[in-house]
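Since the structure comes first, as structure tokens, the remarks are kept for the end.
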Amino acid sequence: MADSIVKIIETEQLTHDVKRFRIEKPEGYEFRPGQATGVTINTPELKKMRRSFTFTGRNDDPYLEFTIKIYPEHNGLTKELDRLVPGNEIVIGSPWGAISYKGKGIFIAGGAGITPFIAIFRDLKAREELQGNLLLFANKTKADIIMEQEFREMLGGAFINILSEEKADGYYHGFIDEEFIRAQVSNYSQNFYLCGPPPMMQSLTGVLSRLGVDRKAVTMDI
């Protein structure tokens, strides 16, 4: 599929450093929940800045949606995206991605690594197939939790948060390590879905291996 030039429909600030972008959807454009695409800004100066972002809406939405963490301290694409307003043009490529839903299981995300799971959970909700899935979500503070209220409404008690830099009632404190997973998960012969910073992913693959999880049952963004 060739690149498509589309306009921004609306933007919304979700947290102090995360923004939602809804954009025009090219005719016939389709993706699977969990997939991503290359994005750049349609100006001569910025076209060379291209990064991949995950779709966070559903395939049958009339628009495409991205939920993007902004890094204002970096002179990169997210800083430029943060400046855009409805009507500005961006360029998107074909969908791609390693994360797809393979059945009920344990989802483990760190920070902005939650984005592939947003579309997956929204799709499961629409199909009434959410039950039996568990989401473990790691962040620094409560202010960093993306879409907390929506996840609580979708998952209820199957949405478990842990904070590394803040202690708060109703939230675990620390990191998603072997001890934490043992406390939350009793069945290791199910699907595991991982997405987060590379050091977290490296640590978790080792943890799951020690817990006896089959490598073929682990889906992760690589």
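For this structure, a couple of remarks:
- Output for segment 50-69, where each listed residue is in contact with an Asp or Glu (Cβ under 7 Å, 6 or more places away or on another chain) and open to solvent by 30 Å² or more (accessible area, probe 1.4 Å): 58, 59, 63, 69
- On inspection, residue 8 passes the criterion of being buried (at least 16 other Cβ atoms within 10 Å of the Cβ), touching a residue at least 60 places away in the same chain (Cβ under 8 Å), under 26 Å from residue 148 (Cβ atoms) and in contact with a Pro (Cβ under 7 Å, 6 or more places away or on another chain).
- First in segment 179-203 and among the polar types (S, T, N, Q), second anywhere and open to solvent by 60 Å² or more (accessible area, probe 1.4 Å), Cβ under 7 Å, 6 or more apart: 190/104; 191/102; 191/104
- Condition met for residue 114 (open to solvent by less than 10 Å² (accessible area, probe 1.4 Å), among the aliphatic types (A, V, I, L, M) and touching a residue at least 12 places away in the same chain (Cβ under 8 Å)): yes
- Filtering 170, 157, 206 for residues that are open to solvent by 20 Å² or more (accessible area, probe 1.4 Å) and not in a helix (DSSP H, G or I) leaves a single hit, 170.
- Residue count for segment 82-107 under the criterion of being out of contact with any Phe, Trp or Tyr (no Cβ under 7 Å at 6 or more places or on another chain) and crowded, with 20+ Cβ neighbours inside 10 Å: the result is 3.
- Residue count for segment 43-67, restricted to those that are under 16 Å from residue 82 (Cα atoms) and in a strand (DSSP E or B): 6
- Checklist (1) within 30 Å of residue 208 (Cα to Cα); (2) in a loop (DSSP other than H, G, I, E, B); (3) open to solvent by 20 Å² or more (accessible area, probe 1.4 Å) applied to residue 72, failing item: (1)
- Within segment 127-154, the set of residues being in contact (Cβ under 8 Å) with a residue 60 or more places away in the chain and either within 13 Å of the chain's Cα centre (by Cα) or surrounded by 13 or more Cβ atoms within 10 Å (Cβ to Cβ) (or both) comprises 138, 144, 145, 146, 147.
The values are calculated or read from the model by the stated rules, or taken from the named source; none is laboratory data. Computed from a predicted model, the values in this text were never measured in an experiment. Cβ sites come from the backbone with ideal geometry, for glycine too, and all protein chains shown count toward neighbours. Ligands, DNA and RNA are stripped out before the accessible areas are found, and what is left, the full protein with its side chains, is counted by its heavy atoms. Shrake-Rupley method; radii C 1.70, N 1.55, O 1.52, S 1.80 Å.
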